[in-house]
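A.B. asks: Pasting a structure here, questions to come.
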Amino acid sequence: LEDIMTKVYADIPENERPMMLMNTEVTDENVEYYLGTTDIEYEEALASESMVGAIAHSVVLVRMKDRADIESAKTKIKETVNPRKWIWVEAENVIVKAKGDLVVLIMSNDLASRIEENFNNL
């Protein structure tokens, strides 16, 4: 997932990305924070967020388990994720897409469409 995360940011210059961007492994303990739910069957997941709390930006890649209901997972994430999880800022765009066994959650402002396009082009 690290390589895929690099690809979703590939054509976005460093100076246009959120400050202090860092990847974090999504675990059973933090999955609800990143995806809004614990009720999906995933194999692994990786979140990319700014370490500056005043920046509303989160990209989460989720590799689903074999035979998991991807459409149901996308719906569940879209319905439960909190675009105001940073409390004092809110992501203007919430995008949930799938490609093969990968689901991406994009919560961002200006970069959302570029990240979505990069994901679509994987």
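The values are calculated or read from the model by the stated rules, or taken from the named source; none is laboratory data. This structure is a prediction, so every number in the text was calculated from the model and none was measured. Cβ atoms come from the backbone with ideal geometry, glycine included; neighbour counts cover every protein chain shown. Side chains are part of the model used for accessible areas, which takes the heavy atoms of the whole protein and leaves out ligands, DNA and RNA. Shrake-Rupley method; radii C 1.70, N 1.55, O 1.52, S 1.80 Å.
A.B. asks: Heavy-atom accessible area per residue, the range 7-122, 1.4 Å probe: how many Å²?
C.D. replies: Normalised by residue count, the accessible surface of the range 7-122 is 55 Å².
A.B. asks: Less than 10 Å Cβ to Cβ from N23, Lys/Arg counted +1 and Asp/Glu -1: what total charge do the surrounding residues give?
C.D. replies: Around N23, the surrounding residues sum to -3.
A.B. asks: Identify all aspartates and glutamates with a Cα-Cα distance to K97 below 12 Å; exclude those on the same chain that are fewer than 8 residues away in sequence.
C.D. replies: Qualifying aspartates and glutamates at Cα under 12 Å: E71, E116, E117.
A.B. asks: Within the chain, what is the longest stretch that has no trypsin sites (Lys or Arg not before Pro) placed in a DSSP loop and near at most 15 other beta-carbon atoms within 10 Å?
C.D. replies: Counting only loop sites that pass the neighbour cut-off, the longest clear stretch is 1-64.
A.B. asks: Which angle from 0 to 90°, rounded to the nearest 10, does the C-alpha axis of helix 70-80 make with the longest principal axis of the chain?
C.D. replies: 50
A.B. asks: Report in % the part of the accessible area of the range 66-113 that belongs to carbon and sulfur, leaving out ligands and nucleic acids; probe 1.4 Å.
C.D. replies: That fraction is 44 percent.
A.B. asks: Would you compute, from DSSP H runs of 4+ residues alone, the mean residue ellipticity of the chain at 222 nm, taking -39500 (n - 2.57) per run and dividing by the full residue count, rounded to the nearest 500?
C.D. replies: -7000 deg cm²/dmol
A.B. asks: Still on this model: What translational diffusion coefficient, in µm²/s and rounded to a whole number, does the Stokes-Einstein relation yield for the range 4-122 at 10 °C and a viscosity of 1.306 mPa s, taking the hydrodynamic radius as the Kirkwood radius over Cα pairs?
C.D. replies: Roughly 112 µm²/s, to the nearest whole number.
A.B. asks: Identify which of E71, E32, E90 has the largest mean-square fluctuation in a Gaussian network model of the chain, with springs joining Cα atoms closer than 10 Å.
C.D. replies: Its mean-square fluctuation being the largest, the pick is E71.
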